[in-house]
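One structure below.
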Amino acid sequence: MSKLKSFNLGELEKLLEGKLVGNPDFLVDNLATLKNSNSTSITFITNNRYKSALKNCSANALIVSKNFKIQDKKNYLVFKDPYLAYAKLTKIFKEDDLEFPLIHKSAEISDKAIVSESVYIGPNVYIGPGCKIENNVIIHANCSIVKNVTLSEGTIIHHGCVLGSDGFGFAPSPNGYHKIEQLGGLFIGKKVEIGANCTIDRGAIDDTVINDGTIFDNLIHIAHNVEIGENSAIAASCAIAGSTIIGKNFQMGGLSGVLGHLNVCDDVKIGAHTLITKDISEPGEYIGIMPAQDHKAWAKSSVFLKKRGK
């Protein structure tokens, strides 16, 4: 339950640009789930599967969709997209727990880096040579911004990320592997948010590029010279191999991967646990997941799939 201060529903109607059905003077002082709400909570229904929980819901104010059937005397804020309204409401109730601007005393910044004055840099952050940190950037604790990294305005980097590390480049020889030095950089666009413990390599010669408005979950690896189009979203534990070019509005489900040196067009959605092995030139949804089965059933399925693939 999130608690900050009180709002009346008339205020929230204007702030969220919804339509109120109920009492504009009714006060709410916390945002809660249906299950854990109280009489002064505002709660939300963004999925029809949770409608049954309304029977035991204590909240007197709810965010609902336009097709929701209002049948009782509670107060309702009605929206075309209730999930978006809920997202906006979390910002209203969020407590501002960052001292902004701030560079923590334990942060280490190279004298060859350029750092804006209006940033938040948390404890134990390292910012190396050739890095540029623009206005209103937040870098949480224990991150390493290694080398030749640009973090554009409004970007948020969560705890434990390593950005601008060496790409995985080696030339094999009879005497072992010869390292290819990574001479490029990493460019992160505006209003990008990168989850905890992500790693993104800088480029070999040209830059690795993550374009504006892209969001990453935790534990994602992006290899050198990848380009990701604006407004893309990637869920946890995904990886994209080197030199792959991905278009705008890309969405990638958890535990998925994309092989290297591929091209993926705009407006592609990849289902969870899917491996992309060739170029995608048509927008749409792609999935290759195989649900768990017992061993005998899996063996039969694999034989069938091999026959279908011939």
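Summary of computed values
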read-out: For region 105-286: Kirkwood Rh in Å [reciprocal of mean 1/r, alpha carbons]; value: 16.4
read-out: Out-of-range pairs (alpha-carbon distance over 29 Å; input Lys14/Lys73; Lys51/Lys296; Lys19/Lys51; Lys190/Lys269; Lys179/Lys248; Lys55/Lys88); value: Lys51/Lys296; Lys179/Lys248
read-out: Residue among Thr150, Thr277, Thr214 with the largest mean-square fluctuation in a Gaussian network model of the chain, springs linking Cα atoms under 10 Å; value: Thr277
read-out: Within-14-Å neighbourhood charge of Ala223 [Cβ basis; K, R +1; D, E -1]; value: -4
read-out: Among Glu285, Glu134, Glu153: highest mean-square fluctuation, GNM of the chain, C-alpha pairs under 10 Å; value: Glu285
read-out: Over region 2-93, volume per residue of the alpha carbon convex hull, in Å³; value: 83
read-out: Nearby lysines by direct alpha-carbon distance to Lys300 (threshold 17 angstrom, same-chain neighbours under 8 apart not counted); value: Lys310
read-out: Rounded to 5, percent antiparallel among DSSP beta bridges of region 110-257; value: 10
read-out: Where only alpha carbons of the chain are counted, the Rg and the Dmax (Å); value: 23.8, 79
read-out: For region 47-95 and region 236-259, distance of Cα centres in Å; value: 33
read-out: Within-12-Å neighbourhood charge of Lys19 [Cβ basis; K, R +1; D, E -1]; value: +1
read-out: Among Gly169, Gly160, Gly229: highest mean-square fluctuation, GNM of the chain, C-alpha pairs under 10 Å; value: Gly169
read-out: Local electrostatic count at Gly185 - Lys and Arg +1, Asp and Glu -1, tallied over other residues with Cβ under 10 Å; value: +1
read-out: Rule-of-thumb Rg ratio for region 79-120 [Cα; 2.2 N^0.38 Å; N residues]; value: 1.87
read-out: Relative exposure of Thr43, Thr33, judged by other C-beta atoms within 10 Å (fewest first); value: Thr33, Thr43
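Read the figures in this text as sums done on the coordinates, not as results from a lab. Small disclaimer: the values here were computed from a predicted structure and weren't measured. Glycine also receives a Cβ, built like all others from the backbone with ideal geometry; neighbour counts cover every protein chain displayed.
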